[in-house]
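**Q** Take this structure first; my questions come after.
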Amino acid sequence: MDAKQEILARIRRATVDITERDPVKDQPVNWTYGLGIEMDDVVGTFEQKVIDYSATVVRAKPAAVPEAVVTGLRATGAKESVVVPSGLEKSWQDAMTAAGFEVRVDDPQLTHGTLDGTDAVVTAAASGIADTGTIVLDHTADQGRRALSLVPDRHVCVIRASQVVSDVPESVQDLRPSVEAGHPLTFISGGSATSDIELSRVDGVHGPRTLY
């Protein structure tokens with residue numbers, strides 16, 4: 001027999017004891033899409049997974065976020081300029097200005113050349129996925145268009161603990177309104193990197209080299 005017939009014959013032999021043809025009745029799955037998975041410490045798991053991707057994670061109380069953003073910019077090596085989306089929290093922008101940074105608001109839209117010449121970008125986030133250490137942007141007002149998080153070398157991203165969920169399906173359920181409203185989604189798992197060329201790791205290939 002040819003390869004196809006042999007494969008089908010093996011499948012028939014392996015399933016000879018199955019009498020119920022409905023796969024749902026044969027092997028019921030006690031799981032509901034979008035409810036997430038059991039996890040003792042969702043935020044802690046998210047933090048560890050993000051660190052595993054060579055990103056820096058710092059926890060801060062809400063009132064301390066402006067100062068933490070400035071600290072993050074300096075820690076990544078940003079010295080002079082930062083681009084922000086038009087809807088970013090005003091207190092964060094004020095803290096950056098007070099620290100001596102030139103804050104470039106993307107309204108009207110900045111050119112790619114200006115973005116490339118800017119030290120860093122600061123955005124908020126839409127969701128965090130603990131199981132995969134992923135940050136999701138839905139590019140609403142406090143996150144801005146995709147180019148903001150792709151062109152500058154450094155990305156300081158603020159995510160609220162309440163935005164962190166257990167797994168991808170739970171995050172997708174939460175983001176459904178954004179998708180239905182036509183917003184794109186960007187999933188970030190650590191700083192951009194590739195090892196495609198001669199297995200040599202290169203950072204910042206299609207996004208920031210540094211994620212804080």
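The values are calculated or read from the model by the stated rules, or taken from the named source; none is laboratory data. Given the structure is predicted, the values throughout are model-derived calculations rather than measurements. Ideal geometry is used to build each Cβ from the backbone, glycine not excepted, and the neighbour counts take in all protein chains shown. For accessibility, only protein heavy atoms count, side chains too; no ligands or nucleic acids. Shrake-Rupley method; radii C 1.70, N 1.55, O 1.52, S 1.80 Å.
**Q** Does segment 1-36 hold any residues that are within 30 Å of V165 (Cα to Cα), assigned to a loop (DSSP other than H, G, I, E, B) and of a type in the set (A, V, I, L, M), and which are they?
**A** Matches in segment 1-36: V29, L35.
**Q** Here's something else I'd like to know. Can you name every residue in segment 42-67 that is free of Cβ contacts under 8 Å to residues at least 40 places away in the same chain, more than 18 Å from the chain's Cα centre (by Cα) and open to solvent by less than 80 Å² (accessible area, probe 1.4 Å)?
**A** A60, A64, P66
**Q** If you check T97 against the conditions, is it of a type in the set (S, T, N, Q) and over 23 Å from D138 (Cβ atoms)?
**A** The answer is yes for T97.
**Q** Name the single residue, out of those in segment 24-41 being within 20 Å of the chain's Cα centre (by Cα) and not β-branched (V, I, T), that is surrounded by the fewest Cβ atoms within 10 Å (Cβ to Cβ).
**A** D41
**Q** Whether any residue in segment 62-69 is part of a strand (DSSP E or B) and closer than 18 Å to V158 by Cα is what I want to check.
**A** No, segment 62-69 contains no residue that is part of a strand (DSSP E or B) and closer than 18 Å to V158 by Cα.
**Q** Is there any pair linking a residue in segment 18-30 that is at negative phi to one that is outside any loop (DSSP other than H, G, I, E, B), with Cβ under 9 Å and at least six apart or on different chains, and which?
**A** I18/D26; T19/D26; E20/D26
**Q** To continue, here is another question. With (1) surrounded by fewer than 22 Cβ atoms within 10 Å (Cβ to Cβ); (2) in contact (Cβ under 8 Å) with a residue 12 or more places away in the chain; (3) not charged (D, E, K, R) as the list, and S127 as the residue in question, which single condition is left unmet?
**A** (1)
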